[in-house]
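Read the figures in this text as sums done on the coordinates, not as results from a lab. All values derive from a computational prediction rather than experimental measurement. Because the Cβ atoms are built from the backbone with ideal geometry, glycine has one as well, and the counts that use them run over all protein chains shown.
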Amino acid sequence: MTLSRSASRPALVPLLLAMLLAGPALASEIVGGRAAQPHAWPFMVSLQRRGGHFCGATLIAPNFVMSAAHCVDGLNFRSVVAVLGAHDLGQREPTRQIFAIQRVFENGFNPQRLLNDIVILQLNGSATINRNVQVARLPAQNQGVGSGVPCLAMGWGQLGTTRPPPRVLQELNVTVVTTFCRRANVCTLVPRRRAGICFGDSGGPLVCNGLVQGIDSFIRGSCGSGFYPDAFAPVAQFADWINSIIRRGRPPLPPPTGPGQQDPLGRAAPGPALPALHPSHLTQ
């Protein structure tokens with residue numbers, strides 16, 4: 001994670017003009033943060049293809065993870081695995097549980113405007129809940145988070161635009177803001193220094209007061225600009241929908257006791273093709 005002095009704040013009119021002209025970039029790295037303690041966030045999930053991390057996710061039930069819809073937009077979900085219990089992606093960790101994706105659930109994702117940027121992935125088995133793998137706490141419907149609330153963002157994205165990604169999970173203290181933020185998003189800022197989410201941590205959680213209130217979605221301008229807020233999909237606006245999917249897909253008791261395996265996949269969910277990793281621009 002990089003740390004540098006923030007640029008001087010521009011006048012309001014140029015700032016507004018810049019925000020209108022600049023399209024968003026898909027969130028993917030944490031800039032200006034620090035290494036998390038191993039397994040401090042046991043609900044954190046690494047989505048991987050061909051053995052490489054490409055997006056974050058959150059474990060929301062033993063057999064479901066939640067991520068950003070743009071992470072899997074256009075991808076063959078059969079090529080994606082969810083890695084639970086990870087911390088150092090450069091090591092073979094005995095704490096890991098690996099699952100294939102069985103079904104995908106979206107809720108009106110708009111890739112042009114990056115609206116409803118949420119996806120729920122049903123795993124092909126149930127995780128063994130232990131000290132390194134746990135289910136996150138979610139808010140109730142419309143139990144959102146207000147301006148000024150301190151939160152924590154996290155992910156395995158790059159440490160800077162021209163720097164490689166870290167091996168270990170990174171975390172960053174941020175503050176919820178409403179300035180220059182759509183009502184369809186939760187936004188955060190790290191004032192007075194260059195820090196924030198950036199290109200690669202998409203899909204990871206925003207944790208506020210112990211609840212996952214956001215899903216890393218997009219940024220405006222440069223990463224960690226110090227004045228452009230980072231945007232997250234608002235989990236509280238989708239809570240009833242999330243819970244309805246979890247209830248429908250809850251496995252019968254007793255749950256499996258072994259770690260997840262990359263078993264053959266079941267039938268894909270009906271509907272449009274899954275959300276793709278590609279540059280996207282927001283139209284006002």
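Some observations on this one:
- Anisotropy class of segment 42-123 from Cα gyration tensor, a/c 1.5 cut: prolate
- Of 45, 61, 82, farthest towards positive along the dipole that unit charges on Lys, Arg, Asp, Glu beta carbons give segment 42-123: 82
- Amide H contacts of residue 204 (H built 1.01 Å from N, in plane; Pro and chain starts excluded): 56, 216 sit under 5 Å, all sequence-distant by 5 or more or on other chains.
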